[in-house]
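Have a look at the structure below, then the notes.
Here, each number is a calculation from the coordinates, and none is a lab measurement. Note that this is a predicted model, so its numbers are computed, not measured.
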Amino acid sequence: MSNPENEFRLTITPDDPGATERAKRLRDLGIGNLPDPEFDELAQELTKLTGAPYAMVNFIDEEHQYFAGLAAPTPDAASQAIAGASDAPEVGREMDRDHGYCPHVVVRGKALVLGDVCDYPRFAGNPVVDKIGIRSYLGAPLIDDEGNTLGTVCVVDTETHDWGRPGLEIIKGMAAKVMDRIRERNAGIQSDNSTQG
């Protein structure tokens, strides 16, 4: 017999022992707290590849999630985003750490595929279900060469979505692409520092 207390605990954001180290790494890299046009472009590309209305390149510190890359429907595309809705849900760049599914991806260190979040008791009670109307999620971790999970690349839909193997390959491929960009930038920073030193 399931214990209601355990059911409640399942919906809580998982413990994240790597949060402090991740926040330090993000500061060292100079990413994760400002909008980034390059990451916005990659998020936009992701909406085209998956057909999902929302995509994010998301970095997570101890308290917040920050969408350095964000693609969302324009207000006049609201009817396409949510059938019968007059306004598309507004998604800002910042979100509490206990909202959404990316913190689970970061702690797990592997991709998460939720065709219908309501099929999973541990995810159905997440605040974003009621607040933004999210019904499906697909996300992959951004893992650097030292094994730090910096954040995620994800897409969300306001309708159920059968992501399947192709969706998983797309999200993992985009995570690899984002990490390549981060490595290139980091190499540039290190090169600049060595020439100045």
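Taking 0.36 nm per residue of separation and subtracting the Cα-Cα distance, full extension of the segment from K177 to E94 would add 27.6 nm.
Distance check, please: which entries in K48/K172; K131/K177; K110/K177; K48/K177 exceed 19 angstrom between their Cα atoms? Violating the 19 Å Cα-Cα cut-off are K131/K177. On full extension of the chain, what length is gained from D15 through E45, given 0.36 nm per residue of separation minus the C-alpha to C-alpha distance? So the chain would gain 7.6 nm between D15 and E45.
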